[in-house]
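The values are calculated or read from the model by the stated rules, or taken from the named source; none is laboratory data. As the structure is a computational prediction, the values presented were derived from the model and not from experiment. Counting neighbours? That spans all protein chains shown, and the Cβs are built from the backbone with ideal geometry, glycine included.
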């Protein structure tokens, strides 16, 4: 017997969808455009309780969860490379504890990642907060990162060096991010006009030259950098360009922490930038409202 949900009364539809989890709703919305629009309409209030949606990048794939205002994670879909024994497509995978999984060619994955991203944006709404996490990985598949759009927060921790080209494409696909944090070592440098530097707030822990490049090209509001060292000349040029209104006019807060303070010469920077200390006897002016 075929059950035609679109013909059911609204309250019946709401009751049926109400016992489904996000994974089930994702799959039933794939049946047709009409079914997808029905899910969006009936579940509108329920979807409003989602605080954010997170793409979790793992060594061998990707998992997508919806996080509610109670910060409970609810599974939506996962994506893993297929072996020669497996068929491509969306299917249930017993190894993954019956989670729904999209299987992709180990050398590709771009089309599958783009499909998942586009359908989730359409189903749950592009006005949601979307995050990317790449936590404690040796390597990361940057090929399908460039297909993830509308990401506003990125958190990464990578044990091995990552190629900058993949991340450059990722930030071009999801520009104007609000927050980025993590530890990463990159081979190569971002372009001077990279969307990476336009992130509102950057918090970086690393031992490569990325902090130096941030000090030259950052266009955001806040930067928290912890690194082995940066050249005094990098800080000097930043302060001079900032004082002359040449650059960094959005900058509100900057902190740089060094692993070795012996490499930092504060007096050289003060003298080069003509930093003057305020006198303890400076006049105080009062303005009456």
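Things worth noting here:
- Of note, residue 157 does not satisfy the criterion of being touching a residue at least 12 places away in the same chain (Cβ under 8 Å) and outside any strand (DSSP E or B).
- Within region 124-136, restricting attention to residues that are in contact (Cβ under 8 Å) with a residue 60 or more places away in the chain and surrounded by fewer than 17 Cβ atoms within 10 Å (Cβ to Cβ), the residue that is nearest to the chain's Cα centre (by Cα) is 129.
- Complete set of residues in region 104-123 that are in contact (Cβ under 8 Å) with a residue 24 or more places away in the chain and not in a helix (DSSP H, G or I): 104, 105, 106, 108, 109
- Residue match in region 65-84 (condition: at pLDDT below 95 and over 27 Å from residue 135 (Cα atoms)): yes
- When 201, 208, 161 are screened for being modelled with pLDDT of 95 or more and on the phi < 0 side of the Ramachandran plot, only 201 passes.
- Segments classed as helices (runs of 4 or more DSSP H), wholly inside region 7-78, with at least 3 members that are surrounded by fewer than 14 Cβ atoms within 10 Å (Cβ to Cβ): 10-18, 33-42
- Note on region 137-149: residues that are more than 15 Å from residue 169 (Cβ to Cβ) and either without any contact (Cβ under 8 Å) to a residue 60 or more places away in the chain or touching a helix residue (DSSP H, G or I) at 6+ places or on another chain (Cβ under 7 Å) (or both) total 0.
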